[in-house]
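Step one of this worksheet: look at the structure below.
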Amino acid sequence: MKKLTISEKCIKCGECAVMTDLIRELPDGTVEPAVSVLTSEQAKSLEDVIKNCPVGAIVLNESNTGKFKSKKELLDYAQNKLGGYKFSEPQYERFNRSEFPIEIPYSRSGYDYKNSDKAEREGLREFNRIMYSQRDTIANDVIQRYASSKMRKFCVYEKENGNYYYDNYKAIETILQELAAAAIEFSNGKVKLPEDFTKFDIEPMWGRRGDSFDRSIYISELKEMGRYGGQVTGEMLDYVEKLDWYQTFVNWDDREIYTGKKYITMYNYNLREVCETLAEHILDGISSSIDCNLKDLINRCLSDTLKPAREALARKVSEFEKALGGTL
Ligand code: SF4
């Protein structure tokens, strides 16, 4: 058995994918093995394709597996690799606040106030109106942006590298191809596996509690994370102070204004600093909440969401055992 790889030398000319079904071209122009582990016959069919590659990027190496002395050894191997397949640990990104800025509303009054206390009080009232009273909405907007960009790979099944399901399914397909090639070599081509044996394209179980929602977008709990209802809003508020606390961040300025008869001192307010302070507090809460809860939340979701994939793996083991049992 041979292992097929495409090296980094590949210049994406696409020639090989035209010449054989064993290599496929992805939408971004890169090519990858459609079958990673080849039987001797498949490897032989690639000879011309390998010669034709202008940069020698198509590599065939001896596969480490495939030398099975008995049917039991092969079946044990299949059971171990498929039955014992461990889905990869989900890699989630810590919350990086610079990627999710909160828009700071512009608010600076005119020089309309006779003293600084009045300017400060009016500034605080305006701060409450334009931002403080909106803090839940602002936080939820950040959470939704985070969820739709960083959680997408766990929430949506997309056939592209980096998607949690696709990456795992590709790894499983490699094992299936390896087993299919091993069975063919071991049985001298006699084994008859189902035609789709090496395919693994199982839709995750999204609506695990029978919820009615858009199956194509979010799995249930991660969708809830978009709203981040109870959990995060509560924790987020721990970092947000009472309204009066922010008064010291309401800035004011004075100016001499000529009334037509004399100069008087008038005051304005500027809410830039107080709005930025609140934004930091909201982001502190979100950051802490995500770092504390997200890993558990994702693991909990995936343990159920991957149920059909695990069932499909068990079926593959049975199919493999049946095909081998019926042939040898
Ligand atoms: S023929 Fe070679 S260089 Fe061209 S796409 Fe295939 S592997 Fe890459």
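Structure above, values below:
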quantity: Top-ranked residue of segment 1-19 - restricted to ones that are assigned to a loop (DSSP other than H, G, I, E, B) and within 17 Å of V55 (Cα to Cα), ranked as farthest from the ligand (Cβ to nearest atom); calculated: E8
quantity: Answer residue from segment 27-40, given it is assigned to a loop (DSSP other than H, G, I, E, B) and touching a helix residue (DSSP H, G or I) at 6+ places or on another chain (Cβ under 9 Å) and is nearest to the ligand (Cβ to nearest atom) among those; calculated: A34
quantity: Flag for V18 being free of Cβ contacts under 8 Å to residues at least 24 places away in the same chain, more than 31 Å from the chain's Cα centre (by Cα) and either buried (at least 16 other Cβ atoms within 10 Å of the Cβ) or over 29 Å from F186 (Cα atoms) (or both); calculated: yes
quantity: Residue count, segment 241-284 (criterion: in contact (Cβ under 8 Å) with a residue 24 or more places away in the chain, part of a helix (DSSP H, G or I) and hydroxyl-bearing (S, T, Y)); calculated: 2
quantity: Number of positions in segment 10-40 that are under 12 Å from I58 (Cβ atoms) and either in contact with a strand residue (DSSP E or B) (Cβ under 7 Å, 6 or more places away or on another chain) or in the same structural domain as E185 (by TED's automatic domain parsing) (or both); calculated: 9
quantity: Inter-residue pairs, beta-carbon under 8 Å, first within 15 Å of R97 (Cβ to Cβ) and in segment 133-146, second part of a helix (DSSP H, G or I) and of a type in the set (S, T, Y), 6+ apart; calculated: A139/T233
quantity: Residue pairs meeting the criteria (Cβ under 6 Å; at least 6 apart or on separate chains; first in the same structural domain as I23 (by TED's automatic domain parsing) and more than 7 Å from the ligand (Cβ to nearest atom), in segment 41-54; second basic (K, R) and at pLDDT below 95); calculated: A43/K2
quantity: Of the criteria (1) within 16 Å of the ligand (Cβ to nearest atom); (2) of a type in the set (S, T, N, Q); (3) in contact with a strand residue (DSSP E or B) (Cβ under 7 Å, 6 or more places away or on another chain); (4) modelled with pLDDT of 90 or more, which one N61 fails; calculated: (4)
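The values are calculated or read from the model by the stated rules, or taken from the named source; none is laboratory data. Since the model is a prediction, treat every value here as computed from it, not as a measurement. Cβ sites come from the backbone with ideal geometry, for glycine too, and all protein chains shown count toward neighbours.
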